[in-house]
Every structure is written in structure tokens, then in C-alpha cells.
Amino acid sequence: MKITQEEVAHVAMLARLELNAGEMEEIAGQLNDILEYVDKLNRLDTTDVPPTMHVLPLANVFREDEPRPCLSREEVLANAPEAEDGMFRIPPVIE
Amino acid sequence: MLAHLTVAELAEKLQKKEVSAREAALAALEQIEALDRKIKAYITVTADEALAAADAVDARRSKGEKLGPLAGVPMALKDNLCTKGVPTTCASKLLENFIPPYDATVVERLRQAGAVMLGKTNLDEFAMGSSTENSAFFTTRNPWDTARVPGGSSGGSAAAVAADEAYFALGTDTGGSIRQPAAFCGVVGLKPTYGRVSRFGAVAFASSLDQIGPMTKDVRDCALVLNVIAGLDERDSTSADVEVSDYTAFLEEDIRRMKLGIPKEYFAAGVNSEVKAAVRKAIDLLVSLGAEAEEISLPHTEYGIPVYYLIAPAEASSNLARFDGVRYGFRAEADNLLDMYRKTRSQGLGSEVKRRIMLGTYALSSGYYDAYYLKAQKVRTLIKNDFDRAFAKYDVLVTPTTPTVAFQVGSVSDLLTMYLNDILTIGANLAGLPAVSVPCGFAGGLPVGLQFIGKPFAEGTILRAAYAYEQNSGLRKSKPPIAAGGERHE
Amino acid sequence: MSKYETVIGLEVHVELSTKTKIFCSCPTDFGSAPNTNVCPICLGMPGTLPVLNRKAVEYAIKAALALNCHVPSYAKFDRKNYFYPDLPKAYQISQYDLPLAVHGYLEIECDGVKRRIGINRVHLEEDAGKLVHSEFGDYSLADYNRGGVPLIEIVTEPDLRSPAEAKAFLEKLKSIMLYTGVSDVKMEEGSLRCDANISLRPVGADYFGVRTEIKNMNSFRAVQRGLEYEEQRHLEILSAGGELVQETRRWDEDKGVTYAMRSKEEAEDYRYFPDPDLVPVIVDEAWVEEIRKSLPEMPEERRQRYMAEWGLSSYDAEVITASKAMADFFEAVMADYHDAKTAANWMMGEIAKHLNAAGIEINESRLTPAHLLELLKLVDEGTISGTIAKTVFAEVFESGKMPAEIVREKGLVQITDEGAIAAIVDQVIKDNPKPVADYREGKAKAIGFLVGQVMKLSRGKANPELANRLLRERLDSQLD
């Protein structure tokens, strides 16, 4: 087993997913299958191989510092699950 | 019947005022009305807006105004492309009620060109899947056999075009999501070079792999649509400043002495023998037209799936983190923030999406980044190098699009078997190359796809090869029986 | 503190004063109504993509050059992934392993000792939005106006050795940022924010002690106080043979203490990876040089010039050049004025006093170089006395009126008529027999009191030299 249920629980927390015991076990199994499968990558020596983060050799793509119109407040909040005083209302955040 | 027409045919009739845009839209809407209960290609049909847009085109035409190349041509858009004022759900419960206040760049360009939107098509949730079975709403059916899947993730778009429920459609392709459903449904589907088409407004799955592309009834239409959507966009930093040629201009050129590479790994075990036979036959036809075919090797092909299934979920885990219930979309009831996040995402997202988020989060997490994500990006370089070497010698690579034809709904339960569906299409995404799938016959009565892969920005070349094949194969515009008569039912 | 040495490092966030946000074209105006400076991009709506603001890159490089940093040729942006409602995409676009600038330093002076503080890196990132909490803590509200405003994060080496040095560093940093013009550096508006790391180690040790990170220090003074508190807390624990815990603590300004922040549900794991939506930034020599050329004269260069050009003392020159706004003001005055020392005295005296009292910078006041120039000339021409000038200045500062106008309105023109002053002098001699007698008995100091009486009686308008001379003449002559 590459990934333990404990790790699955940790990853679920990082991803803000709530998994019940059944899902946890199922996903742990599936992740293990996948991780076992992707293990074949280790057959390749990639010591001196650079990663391909971008397929195109682009660099220095910029915008000029010129303001453009924003959304109206109405548009901003149109999709909000809850809004108040022009802001998005959410459960309490404790700092 | 009007709905059977290709984009090119319809555009000509519209231009000559033989038909109106309203008639063209009505024909498609009637086809939707007649067939979509069975096919289930659409999540949202915007009939009123479509007719209003069509009327506007007709009004402008009657005034003699200069109109765009697709003026009055009705289209379908995959429901992960943002449309201002029209729900964009990504086939997810989480975005079921999300209405973007903006259009994707491709949508803006198509509207500018006069195309008329009929509605939004079904997909695997957030484009993660190969069958539309991962849609939170319903599974789209293959018009050639409604017991089978249309492929995915752009299954709704493929089925809509195959069933004449749209004159053309757009899809998105991260690991084969345009080409595989195009192959399964017997239509043409193009994934452009990474950077050829702006990604702005396409809800991101895996940002370094995603591209938007046309799904059409024939190759000419594919070129026509690409003409409109391709090109630099200042809103997408990864869109390329490479000139857009008129892709239809490439079509009529012959393919004599075109060098075709036939990668042997794409004909390995696991690829259905009937599929292989159809593709071999297609290659023979291309050779008879003057092309030169040689078997080549892309030795790292087998690593495509593991590389893809690390990179795509990793990027997705980050891209989909914004669906947190704060600003838009579904929010679960909870009295504290952490519960709100976790319940919203757990209830709002489907199991395949959650699985990939878990995998991607793990691949990026502390202690595993080098072993998984970085390793995958390095092997990606090896895969890209394979293609670079091949393209030093060959103009176009020819392969089957998929290992099999469309499978039965609910028949593939094993995860890895499902993932292996993408093995022949993934390479082009990992290397950022253009690739097009065209119908090349049937296996067991179901369409088989032929894939042409090209050099970066050589869309013209692969379209030329695809067109030459299509013109000489006698397969152009083969219709599934369900759509052929408009109201013929099995 | 003899046994232990304090080690402090700072992480300073400075908001850049570009017109638009770092990855979208929304304005960066401070104080707008909530969620009015936002668009689909800075709200993290699906399908939207970032495009980098060139000015933000240039400002960041400019700031880095002013901090003596090296600008590598290749930089990239990474995603820092974490969930928080002020972060719309649930990741912050930042820079992880390849920042825009590295290896700089800043020279500071604290208690007369000059020290060079290393700058580890300067990187560019986006700011988060703001949360407002309801009165009863039962819900919160999110405003994304600030989300996407460009920030540079400046990370120092652990080179600071006292809380006072930390404060001196921040003051110097603020001055430099104002000089370069890349930020307005207003801590009260959150455009400069500072977190600090502190640890103690035995003097002479070559390792670091257990450190704590302090957050929520909202002024330079708070940084110093927070660090002093923490320094003392460490010292007490270590001296008692106790063990410190590596943790993040929050400074409570009202109570003057730090306390451990609620431990997170899990260890932080930001899962940094290169942002596939952004392409690398390649900065060639030519670009760096172009930006370097756009740097204004820095405080140190100005100080040298003031000493050479105007003969100011090193101290005076340093005080005036500490703030770019003050130095600019001073130079504007000197463009039309001859006596640098007098002008400098005004800058460091009356002007500084009033600015401090009002708690504002000179460029936020009504005062213009023209005001000071006119005032200086009124004194030089003898129209008003130096004492009256201070009264006039207070009103100039308050109202923004021109000094001559105030002098005219209030009838403050100096009395230089000998006859008029002589009459006052006679009156003072008559009214003050005791000091007069003292003077005549040889107590020379008594003359000061008598001059003061003349000034008082003339309501400050008597020419002081004249008053002095006439008094002496009268007293000395009657002595004969």
C-alpha cells in the first residue's frame, strides 16, 4: 500500500473534502491502484531531463497598467449564495 | 432537410438568401425537439435567444450589412464554455445555477462571426471522463446506438453534431475529450495546438493541456470554425502570437509526397483489431493518393497515461479549489467555515472529480511533489522529444483515435480501463500538438476515428491530410440512422 | 541580556502603487465601496485567466534595485494553494523558488551604530481580499477590492539584533520605498505590513535558537513593542531553563502581549507548483539598466550632495533626506533661496514639529515651498521678527494662507521706528526697577528679561536688535 487511510484523510482535509468511512476506503484503494500504475515512470532515468511546464517557449506576456471597467455590484453578487452590505456573507471566520 | 447541411453548405444558402437564419435555427431546434429526449446532448437549450439572434442576423442581412463568415449558423457549445447570461454548469451540481457575467473569448468571436447559439451541451463533470457518464445530470447517448456512450468528455457536442441537432459545436480537449467522442460519434473533431485558441472562459480542468476546438460534420467545416476561433488573445497569457491563416486554403492542396509517420506503439495490443484494420485501410488510401507512409516509433508512448494522470489531476486540484461555496455556485448549510467548505465540495462534486482532486492534491503535497508531479513533467519532456524527433522527418503522424469503438453505457467500471481509453489521444496534449479525428469507417456498425497529429501550428497540414482522406473515402456525412430521416425511430 | 543574543528577521509586504491590479485591469483605489473594484478575474470566476501587469514587474524590480538586489534573468510565478475566504481562487499567485530579485542589503543606523542588513529575496505576488466580522461573531463578510493588488514581499536575512534595529530597518525601508515611488507605504491603509521572526541564542553561538513568528503588528512602534515583548518572554523561558515552542503568535496592541494563535487543523502544506496560466518573466540586462536609470537619487546620494552643495552638516542633511517628500520640499525652497542652514532649521524645527503634531507627511499638508520661501523673505527683509514668523507659520500650516497675507491681516509688521521703540523701552525701565538695578549692579543677564518685556509690550512686533540696543543705550547712559 502506497497511501494509508490516514494520508487519505490528510489529503482530503487539504482539499477540503469530507469523505465518509466507506468513501475513504474506496478512494484509498483506487488511489493505490493508480499510484501503483504510475510507478512505471520510475523505470525511466530522468536525472538530467528538464520538466516541461509549458509546451510553448513563451515569456514576458504583459498587460499595460490601464484601468478598465469593473463589474457592477449587482453582477458581482448575482451568483452569491448569500450577500449583505455589498459583500459575500459566509459562516464566521475565527482568527 | 435543412438540419443535415454542413456549415459551409448552410452559410452559402444563407448568403444567397435561399434560407433565413431563422429557418436554419428552427430546423436545428426541431431536430433537438425530435431527438434530444433520446440523445440527451443538451443541458440547456436557449431556443428563444437562438431565434432572437437569428432574427437579428436576418435583419442585418436584409439591410445589406456586411456579415461574419458564420452569420446565421446555429451552433452548440460545451457547457464548460462560459456564456454571458446563460448557465454554465460544467455538468456539475456545484455550478448548476452559475450564470457567468462574461463570454469566453471563443464565444465572443463566434458571436462576432454571426454564429447563433442553440444551447449548452453535456459533458463529464468538469470534463473529467470519457463517456459523459460522469455528468451530474444525465448520460448522453451515442446517436449510432443509444445503448452506447457518445464518448467524452465532449460527448454532448459530438452527439449533437452527429444527430444534426447542431450544425457544429465546440468542445474542449485535455486528454482526448474532443477527438475521442468525435471518433465514437462519427464526426470530425480538432484539438488545436496548445496556444492556438484562447482558453479564456473555458472552465479550466488542466491548464497546461486544455484546448478548445471545433466538432463538425466534415473537415471543411472544421477549418471554417477554426478560422474564427483561432488567434492571439490578450486575456490568455498562453495564447500564441502566431498568424492565423485561412485554413480552408490548405484543403484543396494534394498530399503527394506528404510524409506520414505511423507510430507502431499506437497499434499495440489493446487496440481493437477491427479498429486497426479500418485505420490500416485508411493509410492505404492515403498512400494511393501519393502520400508516403513509414512505420516509426514513439518509444515513450506507454508513459503517456501515467504522466497524464499525475499532471492533469494536480492542475485540476488547484483549478477546482475555487469552488468553495463563497462567491458563486452551490453552498451546503454549515455553521462554520471549515464545514461549509467540506460539505459544499463533497456534496457539490461527483466521485470522479473528487477522486482526481484527491490524486492531484496528493501528487503536489509535501514530500511527494518530486516523486510524482515533477517526475511526470520530466517524462512529459521525453514524450515531447519523441514527437520532436518524429517531426524532424515526417509531416503528419497517422494513428487510430481510440483503441475501441463506443462502449455500452455502464459497461466500463474499472478505473484504469476507462483511463486507458485516452492512450492514443493523450500524447498530443502532453506535447501541445494539433490533432484531428475524422471518421474512417465502421467496426461492428459503429464509427471508427482516424487521427492525424501535426507539428505545432500545422493545423493546415493535418486538415489537408484529413480532407484528402475524407474526399476520397466516400464516408463524408455518413449519418446515424436515428438522424437520417429526422423522425425515424428504431 | 548579556548571556543571549537576539536574532530577528522580517517579512515585509509592500503594496505597489500601480493604477491597476497585478493580473487584471481593475483599479487599485483604496477606500472604494466594497466589491466595486472587482471583475471576473479577481473574483476567481471559472474560466478566467491572469495576465501580468508590466508596471508591477517594473516597480518590483525598481524596489529591489533600490535594496541593492541582484535581478536574475529568469523568474516565474507559482501557485500557493490554501483555502481562505479572502482568497478567491483558493490559491495565491506568488513566487516560490525563482523570485524576481535576491541577495540585497539595506544599511541602517541605530543608536549611532551603522549596520548592513541582508535582503534574502524580493518577490511579487497578489494581495488577498478583506474580511469583516459581524459584531457577535456569527458570520463574516468578504470584500475583494484589495484582492489582486500587487505586493512585493521583502524577506530579510536574520541579521537584525534588536527590536530597535527592526524599527530602524522599517523606517529606512519606508523611506527607500517612498524615494523610488513604487508605493505610498501607508501602514494604516495596509500598504505596508510586517511579520517578524525572533529567536535568542547564547552570545557567540553559530546556531539559531527556537524562533517564534509574530503577526498583526500594525505600526512600526508595534513591531518594536511586539519584538521587545517576545524577546523578554524568550529570555525568561530560557533563563529559567525552559523550552520554547516554534509557533506563530499574534500581537495584541491593546494588552501589549503576544499570544499563540489557534493551531491550524493541519500542518500548512501549500503545494506550490508553477502556475500554468502564466509564462516566465525573462529580465535581460538592458531592462534592468533601464529601470536602474529610472531610479531617483537615493537618500545617501542626496545627503552627500546637500553637504557639498549647500554646506549642510551631515546630521542636518541626514534628517532632511530621510523623507523624500521633505527633501523634495527643501530643494524646491532652495531653488529660490540662499541660506541653506536657515531653511534646514525651519524644516527640522517648526515644520517637523507641526507635522508630527498633526501626524501627517509634508506632502499631505497644506504647506508648499512657496509658503516657506515667502516667510523666510519676510524675516530676511525685517518685515517680521523670527518670533512673529513662528506665529505666522502656525497659521499658514493651519489655513494654507500666504504668510504676507496673514502678516497684513493681523498687523504683525515689525516696529522698526526708533522713536516708537524708545517709548516702549522707557516704559519698561520705569516699570521694572528691580531688574534695572540688577543690570546696573553688573548682572548682565537681566537685560534679557528687559528685552523680553519690550517684546511683550509691543506684542512681539518690536525689532529685537533695536530694542536691545536702545535698552543698553538708555541703561548705560543713565549709569554715567
Any hit, the range B:51-66, residues being outside any helix (DSSP H, G or I), under 27 Å from the mean Cα position of the chain (by Cα) and basic (Lys, Arg): no
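Taking the criterion of being open to solvent by 10 Å² or more (accessible area, probe 1.4 Å), within 27 Å of residue B:72 (Cα to Cα) and more than 16 Å from the chain's Cα centre (by Cα), would at least one residue in the range B:141-155 satisfy it? Can you show your working first?
To start, the set of residues in the range B:141-155 that are open to solvent by 10 Å² or more (accessible area, probe 1.4 Å) comprises B:141, B:144-148.
Filter again for within 27 Å of residue B:72 (Cα to Cα), leaving none.
Scanning the range B:141-155 turns up no residue that is open to solvent by 10 Å² or more (accessible area, probe 1.4 Å), within 27 Å of residue B:72 (Cα to Cα) and more than 16 Å from the chain's Cα centre (by Cα).
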Any pair with Cβ under 8 angstrom, 6 or more apart, that starts in the range A:47-58 at a residue that is facing chain B (nearest Cβ under 7 Å) and ends at one that is aromatic (Phe, Trp, Tyr): A:55/B:194; A:56/B:194
Matching residues, the range B:366-389, being open to solvent by less than 20 Å² (accessible area, probe 1.4 Å), at the interface with chain A (Cβ under 8 Å from one of its Cβ atoms) and either of a type in the set (A, V, I, L, M) or over 31 Å from the mean Cα position of the chain (by Cα) (or both): B:376, B:379
Hits in the range C:347-363 (condition: under 16 Å from residue C:332 (Cα atoms) and either without any contact (Cβ under 8 Å) to a residue 12 or more places away in the chain or open to solvent by less than 50 Å² (accessible area, probe 1.4 Å) (or both)): C:347, C:351, C:362
When residues of the range B:219-262 are limited to those that are among the aliphatic types (A, V, I, L, M) and part of a helix (DSSP H, G or I), the one most open to solvent (accessible area, probe 1.4 Å): B:249
One residue from B:18, B:30 being free of Cβ contacts under 8 Å to residues at least 12 places away in the same chain, surrounded by fewer than 18 Cβ atoms within 10 Å (Cβ to Cβ) and either in a loop (DSSP other than H, G, I, E, B) or among the charged types (D, E, K, R) (or both): B:18
Single residue of B:266, B:303, B:309 found to be surrounded by 15 or more Cβ atoms within 10 Å (Cβ to Cβ), closer than 22 Å to residue C:79 by Cα and away from chain C (no Cβ under 14 Å): B:309
Selection from the range B:169-221 of residues that are closer than 18 Å to residue B:233 by Cα and among the aromatic types (Phe, Trp, Tyr): B:194, B:200
Matching residues in the range C:157-208 - criterion: being among the β-branched types (Val, Ile, Thr) and in contact with an Asp or Glu (Cβ under 8 Å, 6 or more places away or on another chain): C:198, C:203
Contacts under 6 angstrom Cβ, first residue in the range C:377-406 being closer than 20 Å to residue C:336 by Cβ, partner at pLDDT 85 or above and loosely packed, with under 15 Cβ neighbours inside 10 Å, 6 or more apart: C:400/C:366
Filter pass, residue C:105 being open to solvent by 10 Å² or more (accessible area, probe 1.4 Å) and assigned by TED's automatic domain parsing to the domain that holds residue C:182: yes
Output for the range A:61-76, where each listed residue is more than 7 Å from every other protein chain (Cβ to nearest Cβ) and either crowded, with 20+ Cβ neighbours inside 10 Å or assigned to a loop (DSSP other than H, G, I, E, B) (or both): A:69, A:72
Matching residues, the range C:1-24, being in contact with a Phe, Trp or Tyr (Cβ under 8 Å, 6 or more places away or on another chain), assigned to a loop (DSSP other than H, G, I, E, B) and among the aliphatic types (A, V, I, L, M): C:16
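Which residues, counting only those in the range C:47-96, are assigned to a strand (DSSP E or B) and open to solvent by 30 Å² or more (accessible area, probe 1.4 Å)?
Matches in the range C:47-96: C:70, C:74, C:80.
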Set B:39, B:99: member being in contact with a strand residue (DSSP E or B) (Cβ under 9 Å, 6 or more places away or on another chain) and without any contact (Cβ under 8 Å) to a residue 40 or more places away in the chain: B:99
Qualifying residue in the range B:394-407 (condition: open to solvent by less than 50 Å² (accessible area, probe 1.4 Å) and within 12 Å of another protein chain (Cβ to nearest Cβ)): no
Enumeration of residues in the range C:380-396 that are surrounded by 20 or more Cβ atoms within 10 Å (Cβ to Cβ) and either under 25 Å from residue C:321 (Cβ atoms) or among the hydroxyl-bearing types (Ser, Thr, Tyr) (or both): C:385, C:389, C:393, C:396
Output for the range A:79-95, where each listed residue is part of a loop (DSSP other than H, G, I, E, B), open to solvent by 30 Å² or more (accessible area, probe 1.4 Å) and more than 7 Å from chain B (Cβ to nearest Cβ): A:82, A:85, A:94, A:95
Qualifying positions in the range C:300-319 - among the small types (Gly, Ala, Ser) and crowded, with 17+ Cβ neighbours inside 10 Å: C:317
Restricting the range B:335-365 to residues that are touching a Lys or Arg at 6+ places or on another chain (Cβ under 6 Å) and in contact (Cβ under 8 Å) with a residue 40 or more places away in the chain, the residue that is farthest from the other protein chains (Cβ to nearest Cβ): B:348
Identity of the residue in the range C:25-44, touching a residue at least 40 places away in the same chain (Cβ under 8 Å) and aliphatic (A, V, I, L, M), that ends up farthest from the other protein chains (Cβ to nearest Cβ): C:41
Filtered residue count, the range A:30-52, keeping only those that are open to solvent by 40 Å² or more (accessible area, probe 1.4 Å) and within 17 Å of residue B:383 (Cα to Cα): 8
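The values are calculated or read from the model by the stated rules, or taken from the named source; none is laboratory data. Given the structure is predicted, the values throughout are model-derived calculations rather than measurements. Note that we place each Cβ from the backbone using ideal geometry, even for glycine, and neighbour counts take in every protein chain shown. SASA here: full protein model, heavy atoms, side chains in, ligands and nucleic acids out. Shrake-Rupley method; radii C 1.70, N 1.55, O 1.52, S 1.80 Å.
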